[in-house]
Amino acid sequence: MIVKPFVALAQSAVSATSGALSALWTFPSMLGSAFIIAWAAEAAQFLISQGLALALLAWLQTLPEFAVEAVIAWEAGKDPATSHLAIANLTGAIRLLVGLGWPMIYFVAAWSGRQHRRLPDIVLDREHSVEVMGLLPPLAYFGIIWWKQSIGVLDAVVLVMMYCVYLWILWQCPPQKEEALSDAPLVSRWVYNLGGRLRIAGIFGLFAIGGVILYLTAHPFLDSMLALAATLGVSSFVFVQWVAPFLSEFPEKVSAFAWARRISKAPMALMNMVSSNINQWTVLAAMIPLIYGWSHQKHFGTWATFTFDGDQETEIALTIAQSLLAAFLLMELRFGWKDAAALFVLWLVQFLVPGLREEITLVYLAWCALLLVLFAMKKLPCPAPKLFVEIFRENRARRKNRPT
């Protein structure tokens, strides 16, 4: 059974034929909002750290995803038998972003720079070690959640605190140097060059305009796509795990692919995806037990902890293993064609052959173990942890020396 609000939306759109027609205006509106928010982020990175600008961008881009997950979690509280759909949407969104989004960033960048004979790596900047290392704490804590087979209010608090610490570290990082402003789009340069309060107002104005357009467009955009999915007879699990996340992640893919086409901005595009992954593992995951428990209390009079069954454990274990491997692959602060191809192929296999999920989980974990051994033996460089510690110490020293 597909989630009831989705069924109602899809049936209404199909019967009136207005759902499909709304794509004529919602699709370009979604594109427009993605570009406007991306322009704001490119200008903001010269006032605040690039990582923090991307974190703000990820918040706005994932609004549709949060809305979809909230609806599913609320319905699961009313009917606990559908709780598996909440985990399906969360894990599907994360695996889709890592298994399809990250490789697509690389191959878009490689295609744009195809004049080179070799496929070049995406080389990350020193400060990107903060985002790379920021993936590890929520993954480690989700291992505990997986082990105890439930996620509750305390877990939600811990995950949100992890995200707040991540934002705090990004807040301490310095902004980009103005010399790099020449690489920014015309709109971003124009807003930044306004100077003073007009500059700040212009950047926040772009964020606000893009966010409002995204907010107003997301619901009808999802409606039209849901109607199409319903007419194609997509199963509830496949729909919730793959179709809904693909649609809800559409804005972040648009802006990231636009950056990937500009070779110099490919690292920023990849970090946009990484920032979204951190958002998903912390705040999005924390939202599930809160809304589920609230809904259950409203309909049954008691607060309920969100628990997992065996199938959901498998989904969570697979998703943790995939994200852990992705994080380890970025420890070199490089992302090459072999990394992109491996993530994509393993995602494609689990998508086409769902029965191999446990085996693919073991492949991910075995690869992680091999990388750890190679890092320990110094057969592969692993600069991210060291650079993260250096950046943290530099930020602390900068705070101490700041004039009071």
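Details
- Scanning the stretch 366-386 for residues that are in contact (Cβ under 8 Å) with a residue 60 or more places away in the chain and aliphatic (A, V, I, L, M) yields one hit, Ala384.
- Phe344 touching a residue at least 40 places away in the same chain (Cβ under 8 Å), farther than 29 Å from Ala266 by Cα and touching a Pro at 6+ places or on another chain (Cβ under 7 Å): no
- Residues of the stretch 304-332 that are more than 21 Å from Ala369 (Cβ to Cβ) and in contact (Cβ under 8 Å) with a residue 40 or more places away in the chain: Ala304, Thr305, Phe306, Thr307, Phe308, Asp309, Asp311, Gln312, Glu315.
- Selection of the stretch 61-82 for residues being without any contact (Cβ under 8 Å) to a residue 12 or more places away in the chain and among the hydrophobic types (A, V, I, L, M, F, W, C) yields only Ala81.
- Looking across the stretch 119-161 at every residue that is surrounded by 18 or more Cβ atoms within 10 Å (Cβ to Cβ) and among the small types (Gly, Ala, Ser), the one that is nearest to Thr307 (Cα to Cα) is identified as Gly152.
- In this structure, Ala327 qualifies as among the small types (Gly, Ala, Ser) and modelled with pLDDT of 95 or more.
- Residue list for the stretch 286-328, restricted to those being surrounded by fewer than 22 Cβ atoms within 10 Å (Cβ to Cβ) and hydroxyl-bearing (Ser, Thr, Tyr): Ser295, Thr302, Thr305, Thr307, Thr314
- Residue list for the stretch 143-177, filter: under 22 Å from Thr314 (Cβ atoms), in a helix (DSSP H, G or I) and out of contact with any strand residue (DSSP E or B) (no Cβ under 6 Å at 6 or more places or on another chain): Gly143, Ile144, Trp146, Trp147, Lys148, Asp155, Leu159
- Which listed residue, of Ala81, Ala88, Ala20, is of a type outside the set (D, E, K, R) and modelled with pLDDT under 80: Ala20
- Exactly one residue among Phe351, Phe344 is surrounded by 13 or more Cβ atoms within 10 Å (Cβ to Cβ), within 21 Å of Asn277 (Cα to Cα), modelled with pLDDT under 90 and aromatic (Phe, Trp, Tyr), and that residue is Phe351.
- Residues located in the stretch 284-310, provided they are part of a helix (DSSP H, G or I) and either among the hydroxyl-bearing types (Ser, Thr, Tyr) or under 23 Å from the mean Cα position of the chain (by Cα) (or both): Leu284, Ala285, Ala286, Met287, Ile288, Pro289, Leu290, Ile291, Tyr292, Ser295
- If only residues of the stretch 363-382 that are in a helix (DSSP H, G or I) and touching a Leu at 6+ places or on another chain (Cβ under 6 Å) are counted, the one that is surrounded by the fewest Cβ atoms within 10 Å (Cβ to Cβ) is Leu374.
The values are calculated or read from the model by the stated rules, or taken from the named source; none is laboratory data. Because the structure is predicted, anything quoted here is derived from the model rather than measured. In this analysis, Cβ positions are derived from the backbone assuming ideal geometry, glycine residues included, and neighbour counts consider all displayed protein chains.
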